[in-house]
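Report on one structure; see the data block that follows.
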Amino acid sequence: MHPRVAEEWSEIASLYPGVRHMPSPQRVEVDMDLEAGMYDRPGTSVAVLIPPGYRATSPDGFLVPSGLSFADGSGLPASDATGVGMPGWLLVSFHLIDESGASAWRPAADSHRGDNLIGYLASIESFLARRCN
Amino acid sequence: MELRAAATDLAALHRRLLARAPDEGAAFIAAESGGSGLLLRSYRVFGEKELGAASGELSVTEEAQTAELATLKRGGHALVEVHTHPGSGPAVGFSRFDQEQLPLFARYVRLKLPGRPFGALVLSEHGYAGRVWTDAGVEPLTIRAVGQRTALPRWIDHPGVDPISRVDQRFDRQIRSLGPDGQARIRALQVGVVGLGGTGGHVVQQLAHLGVRRYVLVEDDVVEASNLARLAGATRWDPLLRRRKAAVARRTIRRLSPTAAVSCPGSLRRRAGLAALSDVDVIVGCVDNDGARLVMSELAAAHLVPYLDIGVGIEGEGPARSIGGRVSFYLPGGPCLACADEIDFDEVAEDLESEALRSIRVERGYARDRRVEPALMPLNGVVASLGMMEFLAFVTGLRPVVPFTRYDTMESRLIRQSVEASPDCVVCRPAYGMGDRQMVDRYALDARS
């Protein structure tokens, strides 16, 4: 496991009890509940690819299983993820950036004091709850 | 076995332990495996209340020992026990009490910290002795200090004078400048050079002239026609033959030193390249991207390898044009490139991402263009030479290394920068002394299946 993810693992596991670590491509998968009536299902798996430079560099986007759509049948802002080694998944466009387009990711040596995976997963939950806006 | 440690850590540990002289002092080092040796990650000096005397000899109280072993176990570290014998001189050795007790303590510690070696060091004002217990048995433990040559404590700084250099006419003028010890230190080094383009070509040429005998050359590009205007050592045939830049650099070295040991493990993004670099005496980075700088910064911190980074840049247009370069020297325990805010993490993310992710970002229209950088051979030469002067300062102790210097061509001046190590650095702090557990090989593209 990526050493920075290993530092955060017990905390991630306490918030997302079913969390899985998958090695290829290196990623963390959790189960999230979805807003009632907003999507075509009540919950989904979410995968976050861990870049090799994590925590210095932020994860970029996240993945959901192919087929997840809004309740009205429209699709998420996403591309097929087969090319990144995740067939059957969609890569959702989601970036932590400021108004100028620069990364808003502010990590620290100590994962508790800067941005980390838990914060990233919380941002994804919030993004999904806002209908990906 | 060797314990690699930052000179600053060693000097501080030595000073604090011997501050108790004529009484003995004791400390526990948290160590990590790195390559075939150990790395000093951190240490704890025991205070007055944690020390006792058993049979008239210094001992650490059981309570302090238990607490510290629990901390080491949680952190996944190995233990190196250190104590002092003040007044013993350079021929310090383990006492009869140590000889009796250390094997028993080694057995106890290795039960508490299974699978990890246990080391013991005894220090005096002028020397040390060491021993390490592993699954394979007991062997001597030596210390390899890395850092400012001028700051190395005398008890650890052995030049290993090479008699051949003294009589070799080739290095006569250099020996008159640096002394025979300086020349011997250059000859004994193994240097990793990453990036063998415009600046790396100059660096290799100078290292070969200086008398470096062992190289790890990390680069997998081939020579192109557009490289001929700046690639030191290249010939007009090299692009036609699609010769690798590493082969050109090796040719430069071998023309001066036919028996030099030159290893070419491929690119920085290969496991072989990363593994080879983790054990060199110094890395010289001559790359043009921050992704590679992040990888080298992290590897250098994890394996306590000094890392000299040489970069040039030509930016802007007209009167706003800036032409210059930067020399940065990470000495373990000191500030790294990220502490100095010299790494753009957005650029790193792009440099290190997979081609598949990049193509998705290009498709979505938010990938930055990879522009062809302008270049000038004299600029590369000036900045590479600045870097080589810091290299000489590091190797020979000619003067203290100046870790961060900028060269402004337009103003024709050198600017010395003052940078402090950041306690919150996301690159060097978590990686420091973590050795193999830092898993730097995750950056290798051949590690991904």
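The values are calculated or read from the model by the stated rules, or taken from the named source; none is laboratory data. None of the values given here were measured: they were computed from a predicted structure. Here Cβ is always computed from backbone atoms with ideal geometry, including for glycine, and neighbour counts include all displayed protein chains. Note: accessible area is taken over every heavy atom of the protein model, side chains too, but ligands, DNA and RNA are not part of it. Shrake-Rupley method; radii C 1.70, N 1.55, O 1.52, S 1.80 Å.
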Fill in the blank from the handout: Accessible-area order for A:7, B:411, largest to smallest, probe 1.4 angstrom, reads B:411, A:7
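How much length would be gained if the chain were fully extended between residue B:235 and residue B:385, taking 0.36 nm per residue of separation minus their Cα-Cα distance, in nm to one decimal?
Values: separation 150, 0.36 × 150 = 54.00 nm, distance 2.18 nm.
Stretched out fully, the residue B:235 to residue B:385 stretch lengthens by 51.8 nm.
Inside 10 Å of the C-beta atoms of B:292-303, what's the mean count of C-beta atoms belonging to other chains? Don't skip to the answer; put the middle values down first.
Working: counts 0, 0, 4, 2, 0, 1, 4, 0, 0, 0, 1, 0.
Mean partner-chain Cβ count within 10 Å for B:292-303: 1.
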Exercise for the section: Compute the label zone of residue B:108 within the stretch B:20-57: residues whose backbone N is under 12 Å from the point 7 Å along Cα-to-Cβ. Expected result: B:54
Problem - Crossing angle, helix B:245-256 versus chain B [Cα axis fit, 0-90 degrees, rounded to tens] - result: 70
Exercise for the section: Within 10 Å of each Cβ in peptide A:45-57, how many partner chain Cβ atoms are there on average? Round it to a whole number, please. Expected result: 6
Exercise for the section: Mark the label point 7 Å from the Cα of residue A:127 along Cα→Cβ and return the residues of the stretch A:62-76 whose backbone N is within less than 19 Å of it. Expected result: A:62-71, A:74-76
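Could you calculate the contour length gain from residue B:315 to residue B:168, that is, 0.36 nm times the residue separation minus the distance between their Cα atoms, to one decimal place in nm?
Values: separation 147, 0.36 × 147 = 52.92 nm, distance 4.48 nm.
Stretched out fully, the residue B:315 to residue B:168 stretch lengthens by 48.4 nm.
Largest first, how would B:412, B:297 line up by accessible area (1.4 Å probe)?
Values: B:412 90, B:297 5 Å².
Ranking B:412, B:297 by accessible area, largest first, yields B:412, B:297.
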Fill in the blank from the handout: In nm, the gap between the two label points placed 7 Å beyond Cα toward Cβ at residue B:99 and residue B:446 is 4.9
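At a 10 angstrom cut-off on C-beta neighbours, averaged per residue, how do the peptides B:60-68, B:387-395 rank from highest to lowest?
Details: B:60-68: 15.2, B:387-395: 22.4.
Listed from highest to lowest mean packing, they are B:387-395, B:60-68.
Residues with beta-carbon under 12 Å from that of residue B:62, excluding residue B:62: net charge, scoring Lys, Arg +1 and Asp, Glu -1?
Numbers: positive: none; negative: B:50, B:63, B:68.
For residues surrounding residue B:62, the net value is -3.
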Completion exercise
Listed by chain and number, the residues whose amide H is under 5 Å from that of residue A:35, excluding neighbours fewer than 5 places away on the same chain and using placed H, are none
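Please report the net charge: other residues with Cβ closer than 11 Å to the Cβ of residue B:212, K and R +1, D and E -1. Could you put the intermediate results ahead of the total?
Working: positive: B:185, B:187, B:213, B:214; negative: B:281.
Net charge around residue B:212: +3.
With contacts defined as alpha carbon pairs under 8 Å and 6 or more residues apart, what's the relative contact order of chain B in percent? Write out the running numbers ahead of the final one.
On the way: 891 pairs, mean separation 70.9, N = 449.
In percent, rounded to a whole number, it is 16.
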Completion exercise
Note: B vs A interface, total accessible area buried (1.4 Å probe; ligands, DNA, RNA excluded), nearest 100 Å², is 2000
Exercise for the section: Could you calculate the contour length gain from residue B:221 to residue B:136, that is, 0.36 nm times the residue separation minus the distance between their Cα atoms, to one decimal place in nm? Expected result: 26.4 nm
Completion exercise
So, with points 7 Å from each Cα along the Cβ direction, the residue B:23-residue A:33 label distance in nm works out to 6.0
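Measuring with a 1.4 Å probe in the full set of protein chains, what accessible area per residue, in whole Å², belongs to the stretch B:295-449?
It amounts to 44 Å² per residue over the stretch B:295-449.
Return the carbon/sulfur percentage of the accessible area of the stretch B:169-447, one whole number, probe 1.4 Å, all protein chains in place.
On the way: 5880 of 11880 Å².
The C+S portion of the solvent-accessible surface of the stretch B:169-447 is 49 percent.
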Completion exercise
Note on the stretch B:169-447: alpha-carbon gyration tensor, axes a ≥ b ≥ c; rule is a/c under 1.5 for rounded, else prolate if a/b larger than b/c, else oblate; result rounded
Completion exercise
Among A:19, A:84, A:30, the residue with the largest mean-square fluctuation in a Gaussian network model of chain A built from Cα contacts under 10 Å is A:84
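Over the stretch B:6-69, calculate the relative contact order: mean separation of alpha carbon pairs under 8 Å at least 6 apart, over the residue count, as a percent. It would help to have the intermediate numbers written out before the result.
Values: 61 pairs, mean separation 14.9, N = 64.
Relative contact order comes out at 23 percent.
What accessible area per residue comes out for the stretch A:3-129, rounded to a whole number of Å², with a 1.4 Å probe? List each step's numbers first, then the result.
Numbers: 5280 Å² over 127 residues.
Ligands and nucleic acids excluded, the figure is 42 Å² per residue.
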Fill in the blank from the handout: Put B:322, B:257 in order of accessible area, largest first, probe 1.4 Å, and you get B:322, B:257
Completion exercise
Tilt, helix A:3-15 to longest principal axis of chain A (alpha-carbon atoms), in degrees rounded to tens, equals 50
Handout entry: 1.4 Å probe, heavy atoms, protein only - residues of the stretch B:407-441 losing at least 20 Å² accessible area vs chain alone
Key = B:424, B:426, B:430, B:438, B:439
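For residue A:110 and residue B:62, FRET efficiency with R0 = 51 Å and r from the beta-carbon atoms, rounded to 0.05? Write down the numbers at each step before the final one.
Values: r = 31 Å, r/R0 = 0.61.
Plugging the Cβ-Cβ distance into 1/(1 + (r/R0)^6) gives 0.95.
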Fill in the blank from the handout: Between residue B:412 and residue B:243, the FRET efficiency computed from the C-beta separation at R0 = 41 Å comes out, to the nearest 0.05, as 0.70
Practice task
Please label the shape of the stretch B:2-151 as rounded, prolate or oblate, based on the square roots a ≥ b ≥ c of the eigenvalues of the alpha-carbon gyration tensor (a/c under 1.5 means rounded; beyond that, a/b larger than b/c means prolate, else oblate).
Solution key: rounded
Handout entry: Positive minus negative residues near residue A:31 (Lys, Arg vs Asp, Glu; Cβ under 12 Å)
Key = -1
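Within a 10 angstrom radius of each residue's Cβ in B:353-365, how many Cβ atoms of other chains show up on average? Whole number is fine. Can you show the working numbers first?
Numbers: counts 7, 7, 2, 8, 9, 0, 3, 9, 5, 0, 1, 5, 0.
That average works out to 4.
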Problem - Angle between chain B longest axis and helix B:172-188 axis [Cα atoms, degrees, rounded to 10] - result: 60
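I need the calculated FRET efficiency for the pair residue B:259 and residue B:36, taking r as the beta carbon distance and R₀ as 30 Å, to the nearest 0.05. Mind showing how you got there, number by number?
Values: r = 25 Å, r/R0 = 0.82.
E between residue B:259 and residue B:36, to the nearest 0.05, is 0.75.
Decide, for the protein assembly as shown, between rounded, prolate and oblate: order the square roots of the alpha carbon gyration tensor eigenvalues as a ≥ b ≥ c, take rounded if a/c falls under 1.5, and otherwise choose prolate if a/b is larger than b/c, else oblate.
Details: a/c = 2.22, a/b = 1.18, b/c = 1.88.
Judged from the Cα gyration tensor, the protein assembly as shown comes out oblate (a/c at least 1.5, b/c at or above a/b).
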